[in-house]
Amino acid sequence: MTDAETPILEVRGLTKSYAPRTTGWFTKPAPPTKVVDRVSFEIGSGRTLALVGESGCGKTTTARMILQLVTADQGELLFEGRPLDLKDRNMARRYREKVQAVFQDPWSALNPRMRVGEAIAEPLRLNTSLDRGAIAKRVAEVLRDVGLDPAMARNFPHEFSGGQRQRIAIARAIILRPALIVLDEPVSALDVSVRLQVVNLLVEAQKRLGMSYLLISHDLATVRYQANDIAVMYRGAIVEDGPSETVFETPMHPYTQALFEAARFVQPGTEAESDDTADAALPTKSGCSFAARCPKAFARCFSEAPSLRAVAPKQRTACHLYEPLESRAETVSAVG
Amino acid sequence: MTSADTLLQVNDLTVEVKGARGVGRAVDGVSFGISAGETLGVVGESGSGKSLTCLSVIRLNPKPASRIASGSIRFDGRELLELDAEGLRAYRGREIAMILQDPMTSLNPVLTIGDQIREALKLHRGLSRADETRVAEDLLARLRVPEPHRVLRSYPHELSGGMRQRVVGAIALAGRPRLLIADEPTTALDVTVQAAYLALLRKLQREEGLAILFVTHDLGAVARICDRVAVMYGGRIVESATTATFFSGAAHPYSRALLRSLPDVSKPPERLEPIPGQPPSVFAARKGCLFADRCPEVQARCRELEPPQSSVAEGHFVHCWARQP
Ligand SMILES: Nc1ncnc2c1ncn2[C@@H]1O[C@H](COP(=O)(O)OP(=O)(O)OP(=O)(O)O)[C@@H](O)[C@H]1O
Ligand SMILES: Nc1ncnc2c1ncn2[C@@H]1O[C@H](COP(=O)(O)OP(=O)(O)OP(=O)(O)O)[C@@H](O)[C@H]1O
Ligand SMILES: [Mg+2]
Ligand SMILES: [Mg+2]
């Protein structure tokens, strides 16, 4: 068993590329696009790690690699301190039981023809040998845990509102008492008030059951409320990470700064900033992927990719602004 | 409330839905107008009838699950409810474009993104294929889609959630509509991409007079882009005001509760306080004010009589017994 210090999940160097579509027989095939590039992080036992970043930066792909829904090109996972080996059938089974997921869309996550009680019971039926009475009891319990009336087990998904369906998806995810739940935009389809109910529910369930969360979200206000740690991704790579409050208080990477700045409430009537950013979207070939959009970029940013390194206790960022020249040789070798 | 330059005028729209428990009123006497170059934001709790209102304008409301029971929808002076399917087709996509709440329902899984945007361009403009590709790439780039040329050759399942949502936006804008009905168009986007998206809409609104019906639960987006706000609760518009007035002096207790529940990202939050209670079911009896059970200012008559509209100030209307002059 694990002690409190062992992270529940450690992700080391996860990488995924997709081959581009060829345009014609006469064009030279372009190199595969790396959509996730050597992503590493760890999720502490009972803690929440938030993964945030630009739309399309690779968050869902990272989550799907962790859930074994997408095969990684490179990298490894350590579960409860041990390298995950899916050929070890006991370990594979334990991993499937202990790692669950809740996705963004409360509408498509549930089979419309299955009563929600059956849907919630499904993981128990597939993974345990409990009898029907015991399963019904657990279903009633988790329904109560997520704030729903156990009598609702007999209803069909279309009879529930979006917020209720997301509660059902959470009930289904927690019924096996998982150690880790991957939450990919669990509240983005919900209105403000229901969103807060669901976030409160997740926080309470975590306190009670001691689960860890990997939380992917664009809603930075609830991220700040929920997360212990945060990792900021840009174009496939983590550009900054650290304890959530530290990063929210003192974001170092210019992308993180821009992201947090844009999340602040603007007073109505304030001009929306101009949209002439279209051409800035091209990343440089060899340098920092954010350089073309970075207000603080200098020559080195266009020629050399910065590596993720500590800039404060527990806070790391991948940005040349914070690299003292003396350590430059060391940095270059760390990248390679 | 109708002015000369009103592009869309909806009056007393009522939409019924059928369910196991009978027929319910999901949209109940909704009226609003939008002028060219103006953005009306519609906010309100999940299930309050926002999507059904939008869909009904171009009669894409689910059938036979729902039915437009009464009302009038005038676009550019023409009564849309009198048009047959053929007549409506001339408006859809060209004059009025709609961004549906779920991006996957409006994308064809077996066509590339490029084909789908070009199709929208072809319907509405006479461009060469090379120009079509250029315009499509430009639209995607303005919505901050990285590597637009790659995305044009991709299929929907090869894109991230937020990329799909932007593609749907690009298809809607490709037809250069006069009215854009956008139902939660930015829910899957991060805030920097969202800011670019909203800036593009703002620009089209200014330069081309685009009118927008903007449904969202993101009050930050409302502040950035909307000129006026209509708050829906239980199928009714319970308050309407200019955006500035909505944020500084919302009158309806539901609007106030909504604004209070908004968490602030710039401070470490202590706790989150959702509005207590549950929204009414569309099948419940429609007696009195539908917010009464959750309202901190509830009075006896609130449960008996539907509150009439009263004017708080010029252009600011509320339906609330506690706000009668
Ligand atoms: N099956 C696939 N084939 C090709 N490319 C893919 C595939 N799946 C994902 N991608 C690409 O990988 C990149 C990352 O996508 P991903 O869904 O991980 O992003 P994300 O960070 O979750 O974005 P969002 O916030 O919009 O959900 C995108 O450029 C996407 O087009
Ligand atoms: N196809 C349908 N069949 C039956 N009832 C429906 C159908 N579509 C919508 N409704 C009901 O009509 C009401 C209004 O739904 P609508 O989708 O307009 O809500 P909304 O305000 O857009 O909510 P959200 O913020 O969750 O998108 C809801 O109570 C819903 O249950
Ligand atoms: Mg995603
Ligand atoms: Mg809706």
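The values are calculated or read from the model by the stated rules, or taken from the named source; none is laboratory data. Keep in mind the model is a prediction, meaning the values are calculated, not measured. As a convention, Cβ positions derive from the backbone with ideal geometry for all residues, glycine included, and neighbour counts pool all protein chains shown.
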Qualifying residue in the stretch B:180-197 (condition: assigned to a strand (DSSP E or B), more than 8 Å from ligand 1 (Cβ to nearest atom) and of a type in the set (Val, Ile, Thr)): yes
Single unsatisfied condition, A:Arg224 versus (1) among the charged types (D, E, K, R); (2) at the interface with chain B (Cβ under 9 Å from one of its Cβ atoms); (3) over 20 Å from A:Gln315 (Cα atoms): (3)
Odd one out for A:Ala179 among (1) surrounded by fewer than 23 Cβ atoms within 10 Å (Cβ to Cβ); (2) touching a strand residue (DSSP E or B) at 6+ places or on another chain (Cβ under 9 Å); (3) of a type outside the set (D, E, K, R): (1)
Odd one out for B:Gly114, checked against (1) surrounded by 15 or more Cβ atoms within 10 Å (Cβ to Cβ); (2) over 16 Å from the mean Cα position of the chain (by Cα); (3) within 14 Å of chain A (Cβ to nearest Cβ); (4) away from ligand 1 (no atom under 16 Å from the Cβ): (4)
Candidates B:Pro185, B:Pro146, B:Pro103, filtered to the one that is within 16 Å of ligand 4 (Cβ to nearest atom) and at pLDDT below 90: B:Pro103
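To keep it simple, each residue is scored yes or no on (1) within 14 Å of chain A (Cβ to nearest Cβ); (2) in contact with a Pro (Cβ under 9 Å, 6 or more places away or on another chain).
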position: B:Gly77; (1), (2): no, no
position: B:Ala85; (1), (2): no, no
position: B:Arg94; (1), (2): no, yes
position: B:Asn108; (1), (2): no, yes
position: B:Arg118; (1), (2): no, no
position: B:Lys122; (1), (2): no, no
position: B:Glu158; (1), (2): yes, no
Criterion (on the phi < 0 side of the Ramachandran plot, more than 12 Å from every other protein chain (Cβ to nearest Cβ), surrounded by fewer than 22 Cβ atoms within 10 Å (Cβ to Cβ) and modelled with pLDDT of 90 or more) met by exactly one of B:Arg260, B:Arg236, B:Arg256: B:Arg256
The stretch B:161-179 - residue that is assigned to a loop (DSSP other than H, G, I, E, B) and surrounded by fewer than 23 Cβ atoms within 10 Å (Cβ to Cβ) and, of those, farthest from ligand 3 (Cβ to nearest atom): B:Arg178
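Given the condition within 18 Å of B:Leu259 (Cβ to Cβ), aliphatic (A, V, I, L, M) and within 15 Å of ligand 4 (Cβ to nearest atom), answer yes or no: does some residue in the stretch B:201-219 qualify?
From the stretch B:201-219, those within 18 Å of B:Leu259 (Cβ to Cβ) are B:214-219; that's our starting set.
With aliphatic (A, V, I, L, M) added as a condition, the list becomes B:215, B:219.
In the following step, the residues that additionally are within 15 Å of ligand 4 (Cβ to nearest atom) were identified as B:215.
The answer is yes; a qualifying residue exists.
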Subset of the stretch B:46-59 that is of a type in the set (A, V, I, L, M, F, W, C) and in contact with a strand residue (DSSP E or B) (Cβ under 7 Å, 6 or more places away or on another chain) - its residue that is nearest to ligand 3 (Cβ to nearest atom): B:Cys54
Complete set of residues in the stretch A:169-216 that are away from ligand 1 (no atom under 16 Å from the Cβ), among the hydrophobic types (A, V, I, L, M, F, W, C), within 14 Å of chain B (Cβ to nearest Cβ) and in contact with a Lys or Arg (Cβ under 9 Å, 6 or more places away or on another chain): A:Val198, A:Leu201
Some residue of the stretch B:215-224 being within 16 Å of ligand 3 (Cβ to nearest atom) and part of a helix (DSSP H, G or I): no
Number of the condition not met by B:Phe246 [criteria: (1) facing chain A (nearest Cβ under 9 Å); (2) over 23 Å from B:Val191 (Cα atoms)]: (2)
Filter result for B:Lys287 (over 22 Å from the mean Cα position of the chain (by Cα), modelled with pLDDT under 95 and closer than 30 Å to B:Gly19 by Cα): yes
Some residue of the stretch B:70-81 being in a strand (DSSP E or B), over 18 Å from the mean Cα position of the chain (by Cα), within 16 Å of ligand 4 (Cβ to nearest atom) and within 30 Å of A:Gln164 (Cβ to Cβ): no
Among (1) more than 16 Å from ligand 3 (Cβ to nearest atom); (2) more than 10 Å from every other protein chain (Cβ to nearest Cβ); (3) modelled with pLDDT under 95 - the single one B:Leu139 does not satisfy: (2)
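I'm checking my understanding of the structure. Among residues of the stretch B:87-111 that are more than 16 Å from ligand 3 (Cβ to nearest atom) and in a helix (DSSP H, G or I), which one is surrounded by the most Cβ atoms within 10 Å (Cβ to Cβ)?
Going through the qualifying residues, I end up with B:Ser106.
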From B:Gly29, B:Gly47, B:Gly19, B:Gly77, residue being surrounded by fewer than 19 Cβ atoms within 10 Å (Cβ to Cβ) and touching a helix residue (DSSP H, G or I) at 6+ places or on another chain (Cβ under 9 Å): B:Gly19
